[in-house]
Amino acid sequence: MWSENILETIGNTPLVRLNSLARQFPCTVLAKVEFFNPGASIKDRIGVAMVEAAEREGKLKPGGTIIEGTSGNTGAGLALAAIAKGYHCIFTTTDKQSQEKVDVLRALGAEVIVCPTAVAPDDPRSYYSVARRLEKETPNSVYLNQYDNPANAEAHYRSTGPELWEQTEGRITHYIAGAGTGGTISGTSRYLKEQNPDVQVIGVDPFGSVYHKYFFTREFDQKEIYPYLTEGVGEDILAKNMDFDLVDDYVQVTDRDSMVYTRRLAREEGMFVGQSCGMAMAGAVQWMEANRESLTADHIVVVVLPDSGFRYLSKTYNDSWMRNHGFLSDRPEWTVAEIVSMRRGEPEVLAVSSTETLGDAIDMMSRNGISQVPVIDGEEVVGSLSETVILNTLLSDPDARGSAVGSVMAAAIPVVPPSLHLEHLSAYLEQEPGAVLLKSESGGFRIITKSDLIRALSTGKSEAAISA
Ligand SMILES: Cc1ncc(COP(=O)(O)O)c(C=O)c1O
């Protein structure tokens, strides 16, 4: 018996007992292993479903172009559907996603446009905005928008949910999953709760995403948004596919735990999976530890593992990458405030104002031997000046010394909360301008750069405690 095309091999993925990572719990813990799909992720399910919905609605016509903003996996699912059905694909993605994901999309014949991660969703450069613009500019094209497209959650309602119900013979009691668009958790949970309203759904969110706080408060808090490394999960928007009413509890996981559990799934369970799988597993362990008393041998907990480890060979499965982010040591999780406390006595950051002339700013920087300054007006950080910006300005306009700093400055250096974890700090420092500011109690600012992080990592916590 054969399949007529690759799309027919999507779904019906195995449900496999976790024998090592969840040994300490009395219940049965099972993993839904989604890398068995032909595009190696759970998103194959929604790729074909969204394409067929667009065909039914007359939005996609023969020879048409599929446009989507994707962290990589949805793109692979759509590319498979496009190949089987004869469409062209253009995908926008962000520079945070691993190179392997972009390579896979290109290998499947798609055009890929990489956009910056560190811009607001409504910024014209964001991968959401570029996808929308491309739809307007490309004849006979459709932007499928997995965030708000009901065919996304519907695909899980029709496939992932029924599979879990059948594979556990209706005995599933807990369903634990991460959420990006929310399609997986919402569609699957809706089906499972229709079969048995007592099924408990636990969402898992990376620190830096808005979902966890929104679940508990129904408040969209911009302050929850900061860069993190775990790919594919968590959001800086509220996707329409995310139905919080179907979720019973939510836990938050650090990048470090996501990466550590991703590797543990590979080494201890033989499941060579991606980062969001480690995050879901870390969240499951966290939740089961906190709710241990409520768990019995009759409970069946299912954790969703969305994709494959092959997409993260240059990251989570690369020792240098892991070491650079501090994920391989057993160092405690420092905060920005602790790192700053290691250099007590140092003055607050030198800054310039946007109304000063560029010439004055250059003189101040060279007097003090600094290569980068924030631009601060009153108490507000409005921009930054670096040697690169100054050089480019002077090259294009030799008379620029007389210009106001405000007319040439670059984007502001981000201001971070004192409680920010070190690993999230390193994610900030990887992006331009490679520095962050911390507001001090006196109202001034301290600047933190890569060299502070290096000093913190190489001196160690004990010395920090002595100097503080
Ligand atoms: C690797 C990975 N895991 C999990 C998810 C989240 O799934 P959903 O978008 O259905 O919430 C995604 C979504 O892009 C993903 O790429």
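The values are calculated or read from the model by the stated rules, or taken from the named source; none is laboratory data. Since the structure is predicted, the reported quantities are computational estimates derived from the model, not experimental observations. As a convention, Cβ positions derive from the backbone with ideal geometry for all residues, glycine included, and neighbour counts pool all protein chains shown.
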Taking the range 147-157 and keeping residues in a helix (DSSP H, G or I) and of a type outside the set (S, T, N, Q) leaves PRO150, ALA151, ALA153, GLU154, ALA155, HIS156, TYR157
Counting only strands (runs of 3 or more DSSP E) wholly inside the range 350-468, the ones holding at least 3 residues that are farther than 29 Å from ARG256 by Cβ are 372-377, 380-386
Flagged in the range 49-76 as in contact (Cβ under 8 Å) with a residue 40 or more places away in the chain, within 16 Å of the ligand (Cβ to nearest atom), assigned to a helix (DSSP H, G or I) and within 18 Å of SER141 (Cβ to Cβ), in numbering order, are MET50, ALA53, THR74
Residues of the range 104-116 being in contact with a helix residue (DSSP H, G or I) (Cβ under 7 Å, 6 or more places away or on another chain), closer than 20 Å to SER308 by Cβ and away from the ligand (no atom under 16 Å from the Cβ), in sequence order, are GLY109
One residue is enough: does the range 158-177 have a residue meeting the conditions more than 28 Å from GLY283 (Cα to Cα), within 16 Å of the ligand (Cβ to nearest atom) and in a helix (DSSP H, G or I)? no
Considering the range 259-315, residues that are touching an Asp or Glu at 6+ places or on another chain (Cβ under 6 Å) and assigned to a helix (DSSP H, G or I), and then whichever is surrounded by the most Cβ atoms within 10 Å (Cβ to Cβ), we arrive at ARG311
Scanning the range 450-467 residue by residue, those small (Gly, Ala, Ser) and either at positive phi or modelled with pLDDT of 70 or more (or both) turn out to be SER451, ALA456, SER458, GLY460
Of the residues in the range 19-37 that are of a type outside the set (Phe, Trp, Tyr) and within 16 Å of the ligand (Cβ to nearest atom), the one that is farthest from SER186 (Cα to Cα) is ASN37
Reported set for the range 77-98 where residues are among the hydroxyl-bearing types (Ser, Thr, Tyr), surrounded by 20 or more Cβ atoms within 10 Å (Cβ to Cβ) and within 16 Å of the ligand (Cβ to nearest atom) is THR92, THR93, SER98
The lone condition ARG256 fails out of (1) in contact (Cβ under 8 Å) with a residue 24 or more places away in the chain; (2) in contact with a Lys or Arg (Cβ under 7 Å, 6 or more places away or on another chain) is (2)
Within the range 126-166, residues over 16 Å from GLU55 (Cβ atoms), of a type outside the set (D, E, K, R) and surrounded by fewer than 17 Cβ atoms within 10 Å (Cβ to Cβ) come out as THR138, PRO139, PRO162
The condition of being in contact with a Lys or Arg (Cβ under 7 Å, 6 or more places away or on another chain) and among the aliphatic types (A, V, I, L, M) holds, among VAL340, VAL389, VAL352, only for VAL340
ASP198 vs (1) modelled with pLDDT of 95 or more; (2) part of a helix (DSSP H, G or I); (3) away from the ligand (no atom under 14 Å from the Cβ): all pass except (2)
All conditions in (1) outside any helix (DSSP H, G or I); (2) of a type outside the set (Val, Ile, Thr); (3) within 10 Å of the ligand (Cβ to nearest atom) are true of GLY187 except (1)
Inside the range 274-288, the number of residues satisfying the requirement of being near the ligand (Cβ under 8 Å from one of its atoms) and out of contact with any strand residue (DSSP E or B) (no Cβ under 6 Å at 6 or more places or on another chain) is 1
Considering the range 316-326, residues that are of a type outside the set (A, V, I, L, M) and not in a loop (DSSP other than H, G, I, E, B), and then whichever is surrounded by the most Cβ atoms within 10 Å (Cβ to Cβ), we arrive at TRP321
Scanning the range 26-48 for residues that are under 26 Å from THR230 (Cα atoms) and in a loop (DSSP other than H, G, I, E, B) gives ASN37, PRO38, GLY39, ALA40, ILE42, LYS43
Restricting attention to the range 225-257, the residues that are buried (at least 20 other Cβ atoms within 10 Å of the Cβ), more than 16 Å from the ligand (Cβ to nearest atom) and not in a loop (DSSP other than H, G, I, E, B) number exactly 1
Q. Can we say TYR128 is within 16 Å of the ligand (Cβ to nearest atom) and out of contact with any helix residue (DSSP H, G or I) (no Cβ under 7 Å at 6 or more places or on another chain)?
A. yes
Practice prompt. Please tell me if LYS101 is outside any helix (DSSP H, G or I) and either within 16 Å of the ligand (Cβ to nearest atom) or basic (Lys, Arg) (or both).
Written response: no
